[in-house]
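In what follows, a structure is listed as structure tokens, so that the remarks can point back to it.
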There are 2 protein chains.
Amino acid sequence: MFRPEIKVIDCTVRDGGLMNKWQFDDDFVRQVYRALCDAGVDYMEIGYLSSEKAFSRKEYGAWRFCAEQDLQKVIGRCEKRIKLSAMADIGRIDYEDIPPKSESSLDMIRVACYVHQVDAAIALAHHCQEKGYETTINLMAVSTVGLRDLNEALEDLAKSRVPIIYLVDSFGAFYSEDVDILASKYIERLPGKTIGIHCHNNQQLAFANTIAGIIAGINFLDATLYGIGRGAGNCPVELLLSFLKNPKFRVRPLIECIEKQIFPWAKKIDWGYSIPYMITGVLNQHPRAAMAVMESDHKELVTDFFDQATSTTEMV
Amino acid sequence: MFRPEIKVIDCTVRDGGLMNKWQFDDDFVRQVYRALCDAGVDYMEIGYLSSEKAFSRKEYGAWRFCAEQDLQKVIGRCEKRIKLSAMADIGRIDYEDIPPKSESSLDMIRVACYVHQVDAAIALAHHCQEKGYETTINLMAVSTVGLRDLNEALEDLAKSRVPIIYLVDSFGAFYSEDVDILASKYIERLPGKTIGIHCHNNQQLAFANTIAGIIAGINFLDATLYGIGRGAGNCPVELLLSFLKNPKFRVRPLIECIEKQIFPWAKKIDWGYSIPYMITGVLNQHPRAAMAVMESDHKELVTDFFDQATSTTEMV
């Protein structure tokens, strides 16, 4: 039996773009969009909503900004069969740069923040709601947050009008038991709200932890085609749809899109399980040092990386 | 807190050899052996015990046979700090080809069998015990076994003198809930015995399902360096040791061995998550068709493979 409350949010372009500065051409994004529509996926997160002041169009592709004219190129004249989402980072978007919903093809704006930014995130999310959007707040890197700070943030979120709050394992550090405990805490402290989960695959646990979240009662599930995403990548959407029992889902369009659109990128950029990402995951560290190694000519020198990463820890 | 009953069995050479017909040179096996000793791993499964009549030495490397003179080359004159295991397949080894323990460096013989071979497996395991070895029976492909057949096999195993029985997810088809249910059943129906688990990574769940097994009370855990193994591979031993809290374990020797010994093989043979293996895992099918695709020049034509594999199923 499937749980009708469960929604799948594909983050292929948004999170995958963190690996190539969103240098996806229009055809790539259009083919991903069509595949997700055909597969019955509920939301496509197509990029970040950023001010042009915060990032240069020369350096970053269109999906760092999600301008309406770019969205139109993807949707075309066909019936829109999937909701579109964009992520907004605190401090990288001005309120006036967010168009009213009536002028945008976006349906949802997800606000990503660290625990100390919760108040700013709630204000931005409320602003987006007032402009007509669905909203979520994605509280990042909670694996590094102390209990008191987390409880205070959840208290603030509980008082907010934001209906969907995400549990985010930014560093790929969680085991299923961590997801069990945190999901229960979020559900208990955020009565009436929907909980989402966004996992990274540093320890090959992104899909497993998403399942742990489902079992604990989480209903908004992030995933990407073939796991593409920053560092070790995300929960693979082809695995997630195969697991979920909702008969509206189709896996074949995803497989075809992976073959034609994702495999060529897999030859150009490195995401997925690797020893540097595994080490930062185990150590509950930001993946930036591991990404630097993976992008260098020395990505096979993993023992050196282990020695550096563990020099201030007890890992042996 | 760690559970002292937990033992880790590295199957790098035995299961990895299924991908290259055990064409590992002596130095490779010696370096793996030393790394596992230094890491504090409990057992090294170094290959299969097979009769020379069943396989040709021309086609297969030394670790298809595990002859004593080959074991000696690996151990050398150093102190033996790890137990050695070999796997025996029903029908591929004659009783008289198994040396008495006093003439062998092997400590354990693991008998792999399908459910209809349980009686033969028990007889072979008893024979190995009488010759002085520790033994296990690894009941393969239980994801395809009906309830009555499984119950009967467990009844036979309960009556045997074999002390360790393995739950084996040969096709990488299990979710953690399957492991929960089957582990509980094995523990309940095999009183007094130790339960082991051997997972495959078709759905990126080998490590997660091994953790699910630990939580359910399973104490013998199979893993391999960087997940090397047949098809989608196994639970990565570097992740498993990082998860377990036993202070005797060291991760660094594994990382160094992966860098120096496993990465070169990763350029020559394809194991790990891929769409064909994912499809056979989801469909609960033997990986042989997926392996044929991955070894062909058409390993990227995954939509064709999807269409063939699902032509007789309900997967869409």
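Looking for whichever is in the same structural domain as A:Val111 (by TED's automatic domain parsing) and at pLDDT below 95 here; the options are A:Asp89, A:Asp70. Which one fits? If you could, list the steps in order and put the result at the bottom.
Details: A:Asp70 fails: at pLDDT below 95.
Matching residue, one of A:Asp89, A:Asp70: A:Asp89.
The lone criterion from (1) buried (at least 17 other Cβ atoms within 10 Å of the Cβ); (2) under 18 Å from the mean Cα position of the chain (by Cα); (3) of a type outside the set (Gly, Ala, Ser); (4) more than 19 Å from B:Cys11 (Cα to Cα) left unmet by B:Pro287 is number (4).
Might you check whether a residue that is outside any loop (DSSP other than H, G, I, E, B), away from every other protein chain (no Cβ under 14 Å) and under 18 Å from the mean Cα position of the chain (by Cα) occurs anywhere in region B:156-164? Let's see the steps before the verdict.
Within region B:156-164, the subset outside any loop (DSSP other than H, G, I, E, B) is B:156-159, B:164.
Checking the rest, the ones that are also away from every other protein chain (no Cβ under 14 Å) come to B:156-159, B:164.
Filter once more, so that each one left must be under 18 Å from the mean Cα position of the chain (by Cα): B:164.
Checking region B:156-164: at least one residue is outside any loop (DSSP other than H, G, I, E, B), away from every other protein chain (no Cβ under 14 Å) and under 18 Å from the mean Cα position of the chain (by Cα).
Across region B:128-155, the number of residues qualifying as more than 21 Å from the chain's Cα centre (by Cα) and under 19 Å from B:Ile109 (Cα atoms) comes to 3. Against the conditions (1) surrounded by 18 or more Cβ atoms within 10 Å (Cβ to Cβ); (2) in contact with a Ser or Thr (Cβ under 9 Å, 6 or more places away or on another chain), B:Ala62 satisfies every one except (2). Considered as a group, the residues in region A:8-40 that are within 15 Å of the chain's Cα centre (by Cα) and within 12 Å of A:Val237 (Cα to Cα) include one that is surrounded by the most Cβ atoms within 10 Å (Cβ to Cβ), and that residue is A:Thr12.
When the test is whether a residue is facing chain A (nearest Cβ under 9 Å) and over 30 Å from A:Met315 (Cβ atoms), B:Ile258 does not pass it. With respect to A:Lys245, is the statement that it is among the basic types (Lys, Arg), more than 18 Å from the chain's Cα centre (by Cα) and not in a loop (DSSP other than H, G, I, E, B) true? Criteria not met by A:Lys245. Checked against (1) within 11 Å of another protein chain (Cβ to nearest Cβ); (2) surrounded by 24 or more Cβ atoms within 10 Å (Cβ to Cβ); (3) assigned to a helix (DSSP H, G or I), B:Asp304 passes all but a single condition, namely (2).
Checking the structure you have, find out if any residue of region B:147-154 is surrounded by fewer than 17 Cβ atoms within 10 Å (Cβ to Cβ) and assigned to a loop (DSSP other than H, G, I, E, B). Full working, then the answer.
Applying the first criterion (surrounded by fewer than 17 Cβ atoms within 10 Å (Cβ to Cβ)) to region B:147-154 yields B:147-149, B:151-152.
Checking the rest, the ones that are also assigned to a loop (DSSP other than H, G, I, E, B) come to none.
Within region B:147-154 (the criterion being surrounded by fewer than 17 Cβ atoms within 10 Å (Cβ to Cβ) and assigned to a loop (DSSP other than H, G, I, E, B)), the answer is no, since none of the residues qualifies.
Selection of region B:25-64 for residues being free of Cβ contacts under 8 Å to residues at least 24 places away in the same chain and closer than 24 Å to B:Cys257 by Cα yields B:Asp25, B:Asp27. In region A:204-249, of all residues being hydroxyl-bearing (Ser, Thr, Tyr) and either crowded, with 24+ Cβ neighbours inside 10 Å or in contact with a Gly (Cβ under 8 Å, 6 or more places away or on another chain) (or both), the one that is farthest from the other protein chains (Cβ to nearest Cβ) corresponds to A:Thr224. Among the numbered conditions (1) in contact with an Asp or Glu (Cβ under 6 Å, 6 or more places away or on another chain); (2) surrounded by fewer than 17 Cβ atoms within 10 Å (Cβ to Cβ); (3) away from chain A (no Cβ under 11 Å), the only one that B:Phe263 does not meet is (3).
The values are calculated or read from the model by the stated rules, or taken from the named source; none is laboratory data. Please read these numbers as outputs of a predicted model, since none were measured by experiment. With ideal geometry, Cβ positions are generated from the backbone for all residues, glycine too; neighbour counts draw on all protein chains shown.
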